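All remarks here apply to the structure that follows.
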Amino acid sequence: MVKLRKSFMGYLYLEGDVNELLSILRYIKDKKGRDTDDVRDSIRILENFDAFYETAKKKFKDYLAPQKSERDLILGNVVVDKIRLIKEGDVRRAIIVLDKRISEDFITNVLKELGISFG
């Protein structure tokens, strides 16, 4: 199950297992036409979870910011604002903070199309 929440600042975020979040990002990239730098870099970060987790801990960073192109920022095509990697024993989880311009309807439709339960 993936948690879909809204922060008091208006940001939507997804929290869940790394594999589920990867499937969501790949679907957004391949089926929803959002093949942007931030989505590709977010997929790379989650695929290489252990390396990025260790690097973040060494640098005392809670969140990692994927690369974003200026063009995508201007056009409003950015999907991922930042990512937090969480390791609880052997369980690998992450929080994906979405860009403010991503609507809740867009994300709920993606989750429904993938058959992923959320709450």
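We did not get these values from a lab; they are worked out from the coordinates using the rules stated. In this text the structure is predicted, and so the values were computed from the model without any measurement. Cβ coordinates were reconstructed from backbone atoms using ideal geometry, including for glycine residues, and neighbour counts include every protein chain displayed.
Counting only residues that are in a loop (DSSP other than H, G, I, E, B) and aromatic (F, W, Y), how many does the range 1-40 have?
The first filter runs over the range 1-40 and keeps only residues in a loop (DSSP other than H, G, I, E, B), leaving 1, 7-11, 31-36.
The next check asks that each one be aromatic (F, W, Y); those that pass are 8, 11.
Summing the residues that are in a loop (DSSP other than H, G, I, E, B) and aromatic (F, W, Y) in the range 1-40 gives 2.
For F8, all conditions in the list (1) over 18 Å from K112 (Cα atoms); (2) aromatic (F, W, Y); (3) surrounded by 13 or more Cβ atoms within 10 Å (Cβ to Cβ) hold save one; what is the number of the exception?
(3)
Filtering the range 42-67 down to residues that are within 13 Å of the chain's Cα centre (by Cα) and in contact (Cβ under 8 Å) with a residue 24 or more places away in the chain, which residue is surrounded by the most Cβ atoms within 10 Å (Cβ to Cβ)? Before the answer, list the steps.
Filtering the range 42-67 for residues within 13 Å of the chain's Cα centre (by Cα) gives 42-47, 49, 63-67.
Applying the additional criterion that residues be in contact (Cβ under 8 Å) with a residue 24 or more places away in the chain yields 42, 45-47, 49, 63, 66-67.
Values: S42: 27, I45: 24, L46: 21, E47: 12, F49: 18, Y63: 12, P66: 22, Q67: 13.
Here the answer is S42.
So F8 fits all but one of (1) closer than 20 Å to R71 by Cα; (2) free of Cβ contacts under 8 Å to residues at least 40 places away in the same chain; what number is the exception?
Looking at each condition in turn, F8 falls short on (1).
Can V39 be described as surrounded by 16 or more Cβ atoms within 10 Å (Cβ to Cβ), of a type in the set (V, I, T) and either in contact with a Pro (Cβ under 7 Å, 6 or more places away or on another chain) or farther than 24 Å from I74 by Cα (or both)? Walk me through how you get there before you give the answer.
Details: surrounded by 16 or more Cβ atoms within 10 Å (Cβ to Cβ): yes; of a type in the set (V, I, T): yes; either in contact with a Pro (Cβ under 7 Å, 6 or more places away or on another chain) or farther than 24 Å from I74 by Cα (or both): no.
In short, no.
Looking only at the range 55-108, which residues are part of a helix (DSSP H, G or I) and within 18 Å of I24 (Cα to Cα)?
E104, D105, F106, I107, T108 - these are the residues of the range 55-108 that are part of a helix (DSSP H, G or I) and within 18 Å of I24 (Cα to Cα).
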